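Since every read-out is calculated from the coordinates, none of them should be taken as a lab result. From a predicted model like this one, the values you see are computed outputs, not experimental measurements. Cβ placement follows ideal geometry from the backbone for every residue including glycine, while neighbour counts extend to all protein chains displayed.
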Amino acid sequence: MNILFFLTTKSEIAYIYEDDSLRQALEKAEYHRYTVIPLINREGLYIGTITEGDLLWGIKNQYQLNLREAEHIPITSIARRMDYLPVKADAKMEDMVDKALNQNFVPVVDDRGSFIGIITRKDIIKYFADQHIQEN
């Protein structure tokens, strides 16, 4: 099945730009209550993801905990433990299972690598559960 049926588009989710500050990233993650947030550049290309843990350890290990000074810290200066690996828009749902085991969502990019949205773990599980019910 075409994964685009399950796509939550870029316009429907929050993301941060690679030139955003640490403070902007913290505030956006807090406002949307995200534990992981996609990171893109101004051209829309997918860069990776940043987690609450990445932010926390970056603040602890690199900076004194001062929110005012966080306005001047570029988000790309925070080390990321791992990035959520994206899939291309023509991927199949079967390709998503391995990623969904370790990621809350799967980022989706177009042929140029531009971020177009995400597919949530919930939608992937629901798809396969529905497939299983139909087979039985």
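Less than 12 Å Cβ to Cβ from T8, Lys/Arg counted +1 and Asp/Glu -1: what total charge do the surrounding residues give? Taking every other residue near T8 into account, the sum is +1. Put a dot 7 Å past the Cα of N102, heading toward its Cβ, do the same for K28, and the two dots end up 2.5 nm apart. Of V36, L85, F115, which is farthest on the positive side of the dipole of the chain, counting Cα position, with +1 on Lys and Arg Cβ, -1 on Asp and Glu Cβ, and the Cα centre as origin? Working it through, the farthest residue towards the positive pole turns out to be V36. One quarter of the convex hull surface built on the alpha carbon atoms of the chain amounts to 8.6 nm², the projected area averaged over directions. Only Cα pairs under 8 Å and at least 6 apart count here; give the relative contact order of the chain as a rounded whole percent. Computed over the chain, the figure is 29 percent. Computed about its Cα centre, the charge dipole of the chain is approximately 280 debye, with only Lys, Arg, Asp and Glu carrying charge at their Cβ.
Report the Cα centroid-to-centroid distance between segment 1-70 and segment 106-132 in angstrom, as an integer. Answer, in whole Å: 19. Length gained on full extension, S77 to L56, computed as 0.36 nm times the residue gap minus the Cα-Cα distance: 6.3 nm. Convex hull volume of the Cα atoms of segment 66-136, normalised per residue: 126 Å³.
Pairs K28/K88; K28/K122; K28/K99; K60/K99; K92/K126: which are spaced more than 18 Å apart, C-alpha to C-alpha? Over 18 Å apart, Cα to Cα: K28/K88; K28/K122; K28/K99; K60/K99.
Here the gap between E94 and R112, fully extended at 0.36 nm per residue and compared with their Cα-Cα distance, gives a gain of 4.2 nm. The slack between R68 and A129, meaning 0.36 nm per residue of separation minus the straight C-alpha distance, is 17.3 nm.
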